[in-house]
1. Could you give the dipole magnitude of the chain about its Cα centre, charging the beta-carbon of Lys and Arg +1 and that of Asp and Glu -1, in debye to the nearest 20?
2. Past 28 Å, Cα to Cα: identify those pairs from Lys64/Lys114; Lys78/Lys160; Lys64/Lys158; Lys56/Lys114; Lys64/Lys128; Lys56/Lys158, in the order given.
3. Normalised by the number of residues in the range 82-134, what is the relative contact order in percent for Cα pairs under 8 Å and 6+ residues apart?
4. Which residue, Val55, Val90, Val104, has the largest displacement toward the positive end of the dipole of the range 32-164 when charges sit on each Cβ (Lys, Arg +1; Asp, Glu -1)?
5. When DSSP assigns beta bridges and you keep just the ones with both residues in the chain, what percent turn out antiparallel, to the nearest 5?
6. Under 16 Å from the 7 Å Cα→Cβ point of Arg150, by amide nitrogen: which residues of the range 63-96?
7. Over all directions, what mean area does the Cα convex hull of the range 55-120 project, stated in square nanometres?
8. Can you pull out the GluC sites (Glu not before Pro) in the range 67-133 that DSSP calls coil and that have at most 16 other Cβ atoms within 10 Å?
Amino acid sequence: MDIKLLRIDSRLVHGQVANNWAGSLGAEAILAVSDGAANDELRKTLMLQTGGGKVKVHVLGVEKAGRVYKNPKYDSMKAVIVVETPADIVRLLDLGVEADEVNVGGMTFKQGTKALSQAVYISDEDVKAFQEIDRRGVTQYIQQVPSTGRTDLMSALKSKGFIS
């Protein structure tokens with residue numbers, strides 16, 4: 001699989017992902033990878049409609065996404081993979097998904113999270129997952145849309161006092 005973008009976005013598939021990212025990267029498919037969404041028919045149905053015919057949207061659980069990634073049938077598929085949490089990235093890496101970098105697009109506020117940036121709110125569990133991803137040599141950056149600049153995630157975590 002030709003992964004054009006591996007992104008963390010708690011909203012999974014929405015206009016920024018379907019239009020801005022997938023379009024600018026020439027992706028033919030968006031894989032929304034979430035165990036919760038894959039088992040929620042309403043959520044799944046809404047996401048499947050987001051591609052607007054330009055890009056095919058698939059909603060998969062994490063384990064299934066790992067199998068699809070390894071399936072030779074999809075070797076040439078140009079895909080954007082979107083997950084909800086950094087822990088999902090760790091799980092994908094454990095399943096053999098190869099990545100050089102991870103885009104952190106948006107992680108919405110939830111009870112117990114703290115602001116890392118205007119669009120990224122993180123928990124202690126998220127910080128641990130980001131550190132694990134970093135240990136594996138994967139570059140992580142914050143960037144909402146292709147037209148805005150990138151911020152190095154690990155530098156942001158340090159500057160905000162989440163890690164030393």
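1. In total the dipole reaches around 260 debye.
2. The answer is Lys64/Lys114; Lys78/Lys160; Lys64/Lys158; Lys56/Lys114; Lys56/Lys158.
3. Relative contact order comes out at 35 percent.
4. The one lying farthest along the dipole's positive direction is Val55.
5. 15
6. 81
7. Quarter of the Cα hull surface area: 5.7 nm².
8. For GluC sites (Glu not before Pro) across the range 67-133 that sit outside H, G, I, E and B with at most 16 neighbouring Cβ atoms in 10 Å, the list reads Glu98.
The values are calculated or read from the model by the stated rules, or taken from the named source; none is laboratory data. No experiment lies behind these values; they were computed from the predicted model shown. Note that we place each Cβ from the backbone using ideal geometry, even for glycine, and neighbour counts take in every protein chain shown. In case anyone asks, the SASA skips ligands and DNA or RNA and just uses the protein heavy atoms, side chains included. Shrake-Rupley method; radii C 1.70, N 1.55, O 1.52, S 1.80 Å.
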